[in-house]
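Down below is the structure, laid out as structure tokens.
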Amino acid sequence: MVEITIRKRPRTEAVVTQRKFFKKTARGKVIKVLRERYLRDDVGCGISGCNACPVTDVVLPAAGDQTHRLFPNGHFILPDTNVFLSQMDLVESNLFLPPIILLQTVIEEVRHRSLPLYNRLNALIKAEDKRIWVFYNEYRSETAIVREEGETPNDRNDRGIRKATAWYNDHIRVTRPPIRGQAPPKLPTVVLVTEDADNRQKAEKAGISSISVRKYVEGMKESAQLLDLLAAEGPNQIEPTPVTSGRQALYPDYLSTSTCLAGVKAGELHQGHFSANVYNYLEGSVSVPAFTAPVLLIGRDNMNRAVHGDVVVVEVFDEKEWRAPADEVVDAESALKNDDVEYSGDEGDEEEEDPVLRREKQVLISEDVKRTAGKQPTGRIVGIIKRNWRAYVCHIDSTSLTSSNPTSLSQQTVFATPVSRLLPRIRLRTRQAPALIGQKILVTIDRWDVTSRYPEGHFVRSLGKVESKEAEQESLLLEFDVPYRPFGKAILDCLPPEGEQWVVPPKSDTSLEWRDREDLRDLIVCSIDPPNCQDIDDALHARYLPNGNIEAGVHIADVSHFVHPDNPMDSEAASRGTTVYLVDKRIDMLPSLLGTNLCSLRPYVERLAFSTIWEMTADAEIVNVRFTKSVIASKAAFTYEEAQLRKDDQNMQDELTLGIRLLNTLAQKLRAGRMAAGALNLASPEVKIHMDSSESAEPLDVEQKQLRETNSLVEEFMLLANISVAKKIQETFPQTSVLRRHLPPPRTNFEKLQDILMKRKGMALDVSSSGALAASLDRCTDPNEPAFNTLVRIMATRCMLSAEYFCSGSVSRDTFGHYGLASPIYTHFTSPIRRYADVLAHRQLAAAIGYSPLHASLHSKSHVERILDIVNRRHRMAQMAGRASVEFYVGLALKSRNEREKGRVQEEAFVIRTFRNGLGVFVSKLGIEGIVMFKREIQFDADNYVITVPASPTSDAGEVKIGVFDKVTVNIEVEKDKNTQRGRVKMTLVHPVDSTSM
């Protein structure tokens, strides 16, 4: 019998092997957590050729890196946590390639401090061009430490990092002893890289080689480029300069996070997202639950260094201090164009006031006298809960350069102007400034001190020349945080091994593809999509039944057959959330093999589908509905125009055409039923870009998209399928079903539009319900101007809240409804190739009909909530990226027309807003908005939304009144800012008055 020996660990070892800490639960209860760790002596060092460590997939070269001038014998770097927290752009650079030892302590601390940076660090570890070894120092007996009495967690971690560095150097020395008769071996050094001066002092005292990031980078071969990637240092880390010495504070200090949160909990302070004002850079607002109107912030000091999207805490002033929003356009570029990049506020000379601050004070005083509209809650920002800082696409302002010599490598402080007009200028130091003029660049904000008018940042990389197709595309994707990296090997390995040759196998009882599937290959099915559509999600059919009723079916690509839960492809699709459609590019959610081939319901080939089939009466009343996995073979793929022509051609009487007509008849009745129930017929400006050729990036012209009956046909059946599926999955999974809702907008959102319509047109807008609003919108017509109703619908759409995905168990049942569709329940099921929420709905529906069990993750409410938060954000960003792409190409088309028509591109436009010094206009043909500015004094009637342009002394024209909803003619030019090289649309009035000289 084998003898078993039980060895009890000595009590003295428990100090090292047990980790004890306290944590607070969600309900505020403090609990003690005790974790056991098993220490070992076989955790490998990762250095090639080490004879003392177990053989593993080593990644570190034996000699380290020998290119650094401070370490000629070779070296490895061991960065501490702050390096990854503050200098991630540097570490990610493809020029930064030293061998890196990454400690377990550092990884855990980064994860605790910043989840986004932790995700970037994980991606860095997997990168093929990096040499990074993860060393589990907390589990190696020689490097594990315990927290000492009175020691902070940060000091404990710093001590652990120093101990691991010392162990590595000792380990290299012991495993490479000198050999008698030979020269002593050149031993590489393991260097502790840290931004913490105290940590460096302690390391040097212990005989450990340490260095700051800046000093390390200065000794590298590519130092000129890499120094620009360093995050801006705090004021206590750099030498005093005119920018950092002797300055007075421009902003108040923030309250501590704990004070802010306590104030919010007590109701004394309020938390919300900061929104910058695109028309006035000296104003912003924060929407908070306690007030129906946003809290207004006036002036720099009250906005207190917030950047658009930050989660902030505001203090609301006493009601007697409330103000109304300004009704004047205040443009940051013109107001700040002569600002000195090295000058930021009062530097001790009390007699000489900062000229920019003086101008801003004058503007605020002038505006305060003129504020005429209704007052709203007004306040100031007292703290920041979460920064929205990220990498921003910018242009260098050429006027801020002190030297434009292209060969100069001296460091200059320059302004980077973000592409988004919602963001402030960013001040950065770079040695490449002259070379970056005329380039689109990526800049990250590092800090914003109370003494600085602008945030400080650092250069990340150049995207390319302004207006080049590649630079514009990439900048747009980065600006809206669209993931566009190529699909990795792990993701592509999830695809069917047959690749393009995959086909639906012959029908048999043993085939997995045919298990519990209906054979619908004989149905007369077709798809109707926009031109050049390759990712065909849906197909339809309709036919009469023997009992006189009608069978109608929507067949959706069975993506969930190929994308399995919790594999790399599923995780990537969840991260991307949606396919992003730009004018000339598509960023797919799924690899193209699936999206445009194996899942796409292309004609004349058999495809797997998930079908929703209704039996309906001739009046489109649903008798019953069933859901089934199926195999279909589409008989045709039509564009909307082709399907419309086929439907309208009475000479065509084939089965396909009769099916389209039958579908159209049903769709008209379904639509009438929705409208009668109170559904809204809203509008958004949609335009079509005419390109020179498929290979060319040059747009020729722009026109409004035409909507046909067949557009409505497809829309009605997709809506019906989504509603039917929503009912089924919510009934089966009441706590975790993936649904979509559109909350009713607050009535205050419509107050201004209601006032404008009543005062300018004598029309009432009833917003008591969606049905009342729909009826009101139908009555907003002008017999002399057919486009007026569309304009009102566009303006009404902007008063709405955005629709969102949600988990059914996370909100009350009475908030499930979709306001715009007047449906009590709704989801997205019909586009799984391009929307991840639809993939989740497919999995839930498959489980609901007993086809396959539901993956455990979709039984978890917290998991579904987390995924849908990501999907909602990606969906919003994709919409904004798509609109920005259209705007860019409209600008190119206008530029082309300007050249052809010698600067005389004139279009009709509607006035949609009036300002004290200008007009906001909407050009419906191009789908764009613009501002017409007046330099001369004009009369402004804010109550009636009218401006009066006085008679010109140089012409016979008398005074002219222009108000909201008036039709005007504008001249449109695309001009490039000579400093930033940024293009912008400039509009001037041509009729009823010429504003060129005004």
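Length available on full extension from Arg173 to Ile622: 0.36 nm per residue minus the Cα-Cα distance, which gives 153.5 nm. Subtracting the Cα-Cα distance of Val59 and His991 from 0.36 nm times their residue separation leaves 328.4 nm of extension gain.
Rolling a 1.4 Å probe over the heavy atoms of the protein chains gives the chain an accessible area of 48 Å² per residue. The stretch between Ser256 and Ser769, if pulled fully straight at 0.36 nm per residue, gains 180.3 nm over its current Cα-Cα span. Computed in the context of the full set of protein chains, the accessible area of the chain at 1.4 Å probe radius has 50% of its extent on carbon or sulfur. When only alpha carbons are used to place a centre, region 499-558 and region 142-186 end up 65 Å from one another.
Over the chain, dividing the summed -39,500 (n - 2.57) contributions of all DSSP H runs of at least 4 residues by the number of residues returns a 222 nm mean residue ellipticity of -8500 deg cm²/dmol.
Calculated from the structure at hand, volume of the Cα convex hull per residue in Å³ is found among [x] 281; [y] 175; [z] 250 as [z]. Considering only protein heavy atoms, what is the solvent-accessible area of Phe22 at a probe of 1.4 Å, reported in Å² to the nearest 10? Estimated to the nearest 10 Å², Phe22 gives 140 Å². Taking other residues whose beta carbon is less than 14 angstrom from the beta carbon of Thr292, and scoring Lys, Arg as +1 and Asp, Glu as -1, yields +2. Screening the chain for DSSP H helices whose Cα atoms reach 24 Å or more along their own axis and whose mean Kyte hydropathy is at least -1.0 gives 655-676, 709-732, 861-900.
Using the Cβ-Cβ distance between Arg936 and Val605 with R0 set to 41 Å, the FRET efficiency from 1/(1 + (r/R0)^6) comes to roughly 0.05. Normalised by 2.2 N^0.38 Å, where N is the number of residues, the C-alpha radius of gyration of region 514-562 stands at 1.38. Counting only protein heavy atoms and using a 1.4 Å probe, the accessible area of Lys728 comes to about 60 Å². Taking all Cα pairs closer than 8 Å and separated by 6 or more residues, the relative contact order of region 554-616 comes to 45 percent. Ordering Thr988, Thr996 by accessible surface, largest first, gives Thr996, Thr988; the 1.4 Å probe counts only protein heavy atoms, with every chain in place. A simple spin-label model places pseudo-atoms 7 Å from Cα toward Cβ; at Glu151 and Gln534 they are separated by 5.8 nm.
Accessible area of Thr257 (1.4 Å probe, protein heavy atoms only, ligands and nucleic acids ignored): about 70 Å².
Computed from the C-beta positions of Lys759 and Ala249 and an R0 of 45 Å, the FRET efficiency is 0.50 to the nearest 0.05. FRET efficiency for the Asp649 to Ala787 pair, using the beta carbon distance and R₀ = 35 Å, is estimated at 0.70.
The values are calculated or read from the model by the stated rules, or taken from the named source; none is laboratory data. Since this is a predicted model, take the numbers as computed values, not measurements. Cβ atoms come from the backbone with ideal geometry, glycine included; neighbour counts cover every protein chain shown. These accessible areas exclude ligands, DNA and RNA; they are computed on the full protein's heavy atoms, side chains included. Shrake-Rupley method; radii C 1.70, N 1.55, O 1.52, S 1.80 Å.
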